[in-house]
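These notes are about the structure you will find just below.
Read-outs throughout are calculated quantities, based only on the coordinates presented, and are distinct from any laboratory measurement. No experiment lies behind these values; they were computed from the predicted model shown. Cβ atoms come from the backbone with ideal geometry, glycine included; neighbour counts cover every protein chain shown.
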């Protein structure tokens, strides 16, 4: 029987209760007995409880309403160095980076999770440096080990003071798209505004963006969970690498 990359059997048992017993009757989907769904949220800000955290929390609250467990992992305050281009991860095929630090633990957690949230503040119109170091390494390990993150549900959120939020959001999406992850959307780009910690709580439109994003993520997670034994996913293709230098 074929398996998904995270090792779970397609033939998970489908329960008979509908989500009308939960907090959102409009979803009208069945739940799966056992195998509680889990999402990992990575906070790329050095501030543990800053505006990036609040953005992540807004999305997480909607997931938790649908009985999806969320674990927030603090990345931005860690001493994470960047990829050193040794390509040991490609040679060893052991689902690990050659630099032995927290990144390897987080990679294993992602493999076991159903989805991820990436949250970053804006640093010079881009991803915070420490967070990018983590993403470069984790997503390279995924890529050269058969697509470890493929077909997991993933979203990105950005906390912005004034400008650069959309370009940072775009950079985060590059990782998700490259890894063939499934990315739900909101009703605008996933950027929320505030300078001092907690100021994003005054951004009414930003709050709605995060709330809708969380609802759509929960819905997609449930669709995937309940459709695994009904719809066969596309077969993974080996990546073609091409250089334009001749």
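The fraction of Cα-Cα pairs per 10 angstrom bin, counted from 0 for the stretch 67-139, comes to 17, 50, 28, 5, 0 percent, rounded to whole percents.
DSSP beta bridges fully contained in the chain are about 20 percent antiparallel.
Highest mean first, the peptides 213-220, 71-78 sorted by other C-beta atoms within 10 Å per residue fall in the order 213-220, 71-78. Kirkwood radius for the chain, taken over all pairs of different Cα atoms as the inverse mean of 1/r, rounds to 18.7 Å. If you sort the three axes of the alpha carbon gyration tensor as a ≥ b ≥ c, you get a/c of 1.5 or more for the stretch 164-244 and a/b no higher than b/c, which makes it oblate.
Panel order for 238, 114, by other beta carbons found within 10 Å of each beta carbon, from fewest to most: 238, 114.
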